[in-house]
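To start, the structure itself, in structure tokens.
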Amino acid sequence: MLRSGGIARIPVRKAWRVWGMEPLNIKLNEDNIRCGLLWETESGLISSVSLNPATFDKETSELIVQASGNSSGSGNAVVALYQGNKIIWSWHIWVTDYEPDGSGKTFTYGDNEFMDRNFGAVSADILDRSKTFGLMYQWGRKDPFPPINLDEKPAVKTPYQFLGSYEPVYPNSIDFAIKSTGTVMKDNLALSLNEPMTFITSKWDWCNPTSVKDFTNRWTIEEKGENEYEIDHYKFEYDPCPDGWKTATPKRGYESPWYRVQNDFGGIIMTDGFYIRGDDNIPATGYMNCTDATYIDCWYSFELMAGQFRHDAYYGTRGYGLKFDAHASGVGGRFSYGYFYSAIAGPLRCVKDLYFHPQYD
């Protein structure tokens with residue numbers, strides 16, 4: 001997170017560490033390294049991206065990102081580190097005056113303290129429509145797809161690439177693309193890192209692990225809690241939330257972070273979005289379909305991502321989340337929670353990270 005006019009200093013050593021870990025096990029060299037701005041939601045949002053020091057060192061070099069003070073003051077961007085023309089790592093920059101660790105509003109539900117808006121949203125006012133949507137994530141991927149720019153309900157299924165409100169920055173950018181998942185899990189993961197703007201389609205799971213032991217933890221690491229029913233979830237390298245925050249996870253393995261949310265359902269503003277407990281707003285973003293990346297059900301539905309998983313031989317790995325479907329009339333509807341296919345893309349809410357984990361930087 002970065003305020004307008006602010007500067008972020010990002011250590012690059014994480015890229016080398018993660019590429020060298022299971023399941024990738026690839027040793028990167030330090031030749032021909034450069035950096036650049038991949039895309040931004042508003043021209044001029046990011047004024048500069050540079051490496052410090054100029055002589056690159058994977059252990060000490062930093063990416064210096066300067067947000068412009070001349071833009072609207074809020075938006076999203078992705079900056080990238082390249083080896084030649086190949087992206088080896090990328091970082092999302094959320095330019096915002098929202099301060100969840102300070103004066104910004106948050107709300108508590110169950111064991112989690114949530115941000116009051118979707119990750120990457122430029123407004124928390126549900127009547128601001130697409131400004132509240134935030135970014136779209138395939139479950140377990142660290143990089144977002146740009147926000148949707150829609151203030152009216154589109155056709156039932158609309159190609160995503162015509163809905164984005166972002167400006168690719170040439171020659172650094174890679175255009176939005178769609179590719180099918182491969183049979184080798186390691187190759188799928190490498191594709192997600194090298195091509196952050198590529199939607200990886202699958203009937204079930206974009207990563208295609210072959211067993212429950214194969215990289216099913218992507219946003220969090222699970223450890224048993226104080227008793228057999230409780231599970232602690234620690235932030236993992238692919239978690240997209242900012243420092244001090246993480247993806248939402250259940251305290252108990254059989255519950256979602258929004259367990260029993262149906263009992264707290266507070267109403268609908270017709271087709272604009274949904275309330276939990278009357279004042280905690282969740283916009284109806286719709287979601288991106290897992291098999292073709294088309295955009296579905298804007299203003300009538302959402303799939304809110306969370307960081308739990310389940311793996312079985314038929315469906316592959318599935319993420320946990322909260323879903324709402326409005327009735328066709330726009331009055332009334334139904335909340336549900338549980339597992340969904342990890343190849344869909346939907347919005348994300350970050351929660352306060354209560355754990356210290358030095359393995360993550």
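The values are calculated or read from the model by the stated rules, or taken from the named source; none is laboratory data. What you are looking at is a predicted structure, and each value in this text was computed from that prediction instead of being measured. Glycine gets a Cβ as well: all are built from the backbone with ideal geometry, and neighbour counts include every protein chain shown. Ligands, DNA and RNA are stripped out before the accessible areas are found, and what is left, the full protein with its side chains, is counted by its heavy atoms. Shrake-Rupley method; radii C 1.70, N 1.55, O 1.52, S 1.80 Å.
Which of the residues that make up the range 64-123 are farther than 22 Å from Thr247 by Cβ, assigned to a strand (DSSP E or B) and open to solvent by 10 Å² or more (accessible area, probe 1.4 Å)?
Once the filter is applied, which keeps residues that are farther than 22 Å from Thr247 by Cβ, assigned to a strand (DSSP E or B) and open to solvent by 10 Å² or more (accessible area, probe 1.4 Å), the range 64-123 yields Ile64, Gln66, Gln83, Lys86.
Please specify each residue of the range 103-135 satisfying the condition of being touching a helix residue (DSSP H, G or I) at 6+ places or on another chain (Cβ under 8 Å) and either modelled with pLDDT of 85 or more or of a type in the set (Asp, Glu) (or both).
Correct list: Arg117, Asn118, Ala121, Val122, Ser123, Ala124, Asp125, Thr132.
Go through the range 130-144 and give me each residue that's part of a loop (DSSP other than H, G, I, E, B) and either open to solvent by 20 Å² or more (accessible area, probe 1.4 Å) or within 30 Å of Ser50 (Cβ to Cβ) (or both).
Gly134, Leu135, Arg141, Lys142, Asp143, Pro144, listed by residue number.
If Leu127 satisfies every condition in (1) open to solvent by less than 30 Å² (accessible area, probe 1.4 Å); (2) hydrophobic (A, V, I, L, M, F, W, C); (3) not in a loop (DSSP other than H, G, I, E, B) but one, which is the exception?
(1)
Out of Ser47, Ser61, Ser43, Ser74, which single residue is of a type in the set (Gly, Ala, Ser) and under 26 Å from Leu304 (Cα atoms)?
On inspection, the qualifying residue turns out to be Ser74.
Given the conditions (1) at pLDDT 90 or above; (2) open to solvent by 40 Å² or more (accessible area, probe 1.4 Å), and given that Met21 satisfies all but one, which numbered condition is not satisfied?
Against the list (1) at pLDDT 90 or above; (2) open to solvent by 40 Å² or more (accessible area, probe 1.4 Å), Met21 comes up short only on (1).
So, in the range 13-53, how many residues would count as being within 30 Å of Thr96 (Cβ to Cβ) and assigned to a loop (DSSP other than H, G, I, E, B)?
6
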